[in-house]
Amino acid sequence: MINENRLIEEFIKLTAIDAESGEEAEMRAYLTGALEKLYISAETDDAGNLFARLPGTCAGDALLFSAHMDTVSPGRGKKAVRHPDGRITSDGTTVLGADDAAGIAAILEALTVIRENALPHPDIELLFTAEEERFCRGSARFDYTNLRAKTACVLDLTGPVGTAAVAAPTILSVDVTIRGQAAHAGFAPEDGINALSIAAEALAKLNTGRVAPDTTVNFGTVEGGTGRNVVPDFIRIAGEVRSLRHETALAQAHAIGNAFRRAAEKLGGAAEVTVTEDLRAYRIAEDEPVVTRFRSALAALGWGRPSLVETFGGSDNNQFVRHGLRGVVLASAMELVHTTEEYTEIPELVKSAALTLQLMTLEDER
């Protein structure tokens, strides 16, 4: 029942809309209009999220379907290019925006098919979020008392359609400020306290990269100093910790803080370490209703067993689970995301829309 031509046309329209994080107004207006054509009324909240509900026509628990409206940069002036082999890419100067236009297009196509064919369905709730690419700022501010749904399907994952992420990490931002003492590097280096040396002392004692099978540590930026002939008195380092176990992430951040403070004390400087929790880890069990529904939808489509995976990327589902929902993140026809080589494949887009439709209309097994 999926209309491939309509789906592709919708996807290309969506990718043409500029919607870098914090600049979702045009996308929000477009989606409001698209939902109105389906006789679905949507509301915008103070965070810029768009929420709507399609009342059910049969018994069954309410379901939430979600995708985010924003893209990463470079995301202005996107031009989709359709290739003979079925791939769709950008022109190479921007991201394509399949993350997350592919998810949005699948949801809109599934809703259109439901309306066209008067297909029975339970309450379907829709949440198109703002600023997901900024550690899910939009979904963090959403009022979850608006929801009837207890389960969520989030269309925002790479990989073959039929894959779902059931676990995602805690992500901690770690910001380190080191202060030493400036001095002329030629005339009086002994009068200085080198902040960079303090940083090196600490980093030499820390493991980075994949420090455990389910935990990573990275320091991504370093800035400071005033000149090559001046002992640097100020260094700022930005890093992160990710772990599928929340307590492990906290322990790693604590160890990082201790390493920098001890190095500063040893060399006569000072270190301030600030840890910010961006997202909280979750894990959905394979026998929970949302996974059971996903498995049943794949079986109904004749696609075999699902691929249930862990991801080291965050999504709105981190916020959903933290606020009491039980959700999975579905692969939705996006590859090489966050790069100018991002692409989708038309057969995968069609499969994503078909799976979304099946999830929306699948009869409860109770």
At most 15 other Cβ atoms within 10 Å and a DSSP loop assignment: could you name the GluC sites (Glu not before Pro) in region 275-366 that fit? E286, E341, E363, E365
Taking the beta-carbon count within 10 Å as an exposure proxy, list D233, D191 from fewest neighbours to most. D191, D233
If you scale each eigenvalue of the Cα gyration tensor by 5 and take the root, what three semi-axes come out for region 260-346, rounded to whole angstrom and sorted largest first? 40, 19, 11
Using only helices, what value at 222 nm comes out for the chain when you add -39,500 (n - 2.57) per DSSP H run of length 4 or more and divide by the total residues, to the nearest 500 deg cm²/dmol? -10000 deg cm²/dmol
Please say if region 1-160 is rounded, prolate or oblate, where rounded means a/c under 1.5 for a ≥ b ≥ c the square roots of the C-alpha gyration tensor eigenvalues, and otherwise the choice is prolate for a/b larger than b/c and oblate otherwise? oblate
Inter-part gap, Cα centre of region 62-94 to Cα centre of region 295-348, in whole angstrom, is 16
For S21, enumerate residues with amide H under 5 Å from its amide H, sequence gap 5+ or separate chain, H modeled in the peptide plane. T71
In whole angstrom, note down how far apart the Cα centers of region 208-262 and region 106-157 are. 36
Magnitude of the Cβ-charge dipole (Lys and Arg +1, Asp and Glu -1) of the chain about the Cα centre, nearest 20 debye, reported as 620
Check the straight Cα-Cα distances from K37 and name the aspartates and glutamates below 13 Å, setting aside those fewer than 8 residues away within the same chain. E109, E116
Rank these for me by crowding, R242, R283, going from fewest to most other beta carbons within 10 Å. R283, R242
Can you check what the Kirkwood hydrodynamic radius comes to for region 16-108, Cα pairs only, in Å to one decimal? 14.7
Below 8 Å between Cα atoms, with a sequence gap of 6+, how large is the relative contact order for the chain in percent? 25
Calculate the all-directions average of the projected area of the chain's alpha-carbon convex hull, and give it in nm². 20.3
Pairs to check: K79/K351; K13/K150; K79/K150. Give those whose C-alpha atoms are more than 26 Å from each other in this structure. K13/K150; K79/K150
Could you give me the ³J(HN,Hα) list for region 230-238, computed from phi with Karplus coefficients 6.51, -1.76, 1.60 and θ = phi - 60°, whole Hz, x at Gly and Pro? 10, 4, x, 9, 8, 9, 10, 10, 10
Let me spell out the model: positive unit charges on the Cβ of Lys and Arg, negative unit charges on the Cβ of Asp and Glu, origin at the Cα centre of region 170-279. What dipole size does that give, in debye rounded to 20? 240
Above 17 angstrom, tally the Cα pairs of region 112-167 and express them as a % of all pairs, no decimals. 59
Consider just the alpha-carbon atoms of region 170-279 and return their Rg together with their Dmax, both in angstrom. 14.9, 50
Count neighbours as other Cβ atoms within 10 Å of each site's Cβ, and list the trypsin sites (Lys or Arg not before Pro) in region 202-238 that are DSSP loop with at most 11 such neighbours. R228
The exposure ranking of I114, I124, I12, fewest beta-carbon neighbours within 10 Å first, is I12, I114, I124
Which percent of Cα-Cα pairs in region 117-228 sits in each 5 Å bin, short to long? 2, 7, 11, 12, 12, 11, 9, 8, 7, 6, 5, 3, 3, 1, 1, 1, 0
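Bear in mind these aren't lab numbers, they're just calculated from the coordinates by the rules spelled out. Model, not experiment: these values are computed from the prediction. Positions of Cβ are generated from backbone atoms using ideal geometry, with glycine treated the same way; all protein chains shown enter the neighbour counts.
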